[in-house]
Amino acid sequence: MMNVARASLVVVVAWLAADMSASAQPRSVVVNGQRLNGAQIAQLEQRACTAIPNGQYWLNLQTGEWGYANNPRVRGVIGDACARQQPRKSLSERRQLYRPGEILSQ
């Protein structure tokens, strides 16, 4: 019985170690051929207002346009997501809030 408990403990410890190592995978973000470190990724994500997935990208530093490496198509502009994060005005602020029956009575 002691061997079964010990084997179970070994399996649980191995599973936890594998789970922790999988969640601690290093980030791999390459921009204009340069691999970014964690601080640079965090700074870029703050400017972009979104998480940046691992991958290889190009970035035009003058215009803010970006795309995937080896693909000239522009996929967006850094900071576009920042504008979308502004809270939407309420219905009353947009003058779209009506009393029951108000639309039909006009």
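Every read-out reported here was derived from the displayed coordinates using simple, explicitly stated rules and does not represent laboratory data. Everything numeric here is computed off the predicted structure, so don't read it as measured data.
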Nonlocal amide H pairs with Trp58, under 5 Å, H built at 1.01 Å: Asn32, Gly67, Tyr68, Ala69
HN-Hα J in Hz across the stretch 42-51 - Karplus 6.51, -1.76, 1.60, θ = phi - 60°, x for Gly and Pro: 4, 5, 5, 5, 5, 5, 7, 6, 7, 6
Alpha carbon convex hull of the stretch 26-84, projected area averaged over orientations, nm²: 3.9
Under the Karplus curve 6.51 cos²θ - 1.76 cosθ + 1.60, θ = phi - 60°, whole-Hz ³J(HN,Hα) for the stretch 72-79, x wherever Gly or Pro sits: x, 5, 6, 9, x, 10, 4, x
